[in-house]
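Everything on this sheet refers to the single structure shown next.
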Amino acid sequence: MGYAIIEVTGQRVDVLRYDVINLKQYGSNHAVKLKKIFDRMVELIEEFLPDELAIEAPFFGVNVQSMLKLGRAQGVAIAAALSRQIPYVEYAPTKVKQSVTGSGSASKEQVAHMLRQTLKLPPIEEASKFLDATDALAVAVCHHYMKGNNVKAGGKSWGKFLDENPDRLASGAAAKKPARAKAK
């Protein structure tokens, strides 16, 4: 399970930590894995004192057992945040990918590559372990963007463009208005 912690100061995004909680060592004991997830989340919360938790919403897959296990793991992570009065928000996987890469169907590798470029991260192995960590980082960055803090494309967003160019909106709207005949 990947996790990431970012710190936002104005438009600056600093990656404080991103990694994975390695659960393979606990074999097939799902209850122990859930307890380890909860404990690690609480440790991270106590160390970094986050304001919010952003998590990837469950997605529907073919394997029902995998979906149940994933949903339980996500629920435990949410419960850890709520136990410390930290609000959470969920984002669909396609929304996360789209906010980071511009495409909702981007691969894990494409997401990792874009994050390295956007956040100026050092190169890392593309091992599945690190792809889970960069997926978590993508959720954090998506949450930052969804709060209206779009630093992609040099800090430009559609809303910022309209704020900086109010005449462009008015002139375009006026040019497209059809002429109306006056009734007498």
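The values are calculated or read from the model by the stated rules, or taken from the named source; none is laboratory data. What you are looking at is a predicted structure, and each value in this text was computed from that prediction instead of being measured. Note that we place each Cβ from the backbone using ideal geometry, even for glycine, and neighbour counts take in every protein chain shown. Quick note on the areas: whole protein, heavy atoms, side chains included, nothing else; ligands and nucleic acids left out. Shrake-Rupley method; radii C 1.70, N 1.55, O 1.52, S 1.80 Å.
Tabulated data for the structure shown
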read-out	value
Amide N proximity, the stretch 1-18 versus Glu52 label position 7 Å along Cα-to-Cβ, cut-off under 12 Å	8
Local electrostatic count, Ala136, Cβ distance below 9 Å [Lys/Arg +1, Asp/Glu -1]	-4
Accessible surface, per residue, of the stretch 1-78 when the full set of protein chains is kept, probe 1.4 Å, Å²	63 Å²
Net +/- balance of residues flanking Glu47 in space, Cβ distance below 15 Å, scoring K and R +1, D and E -1	-3
Heavy-atom accessible surface of the stretch 7-142: percent carbon and sulfur, 1.4 Å	55 percent
³J(HN,Hα), Karplus 6.51/-1.76/1.60, whole Hz, each residue of the stretch 91-96, x for Gly, Pro	10, 5, x, 5, 5, 4
Cross-link pairs Lys35/Lys97; Lys108/Lys147; Lys35/Lys95; Lys33/Lys120 - those with Cα-Cα distance over 26 Å	Lys35/Lys97; Lys35/Lys95; Lys33/Lys120
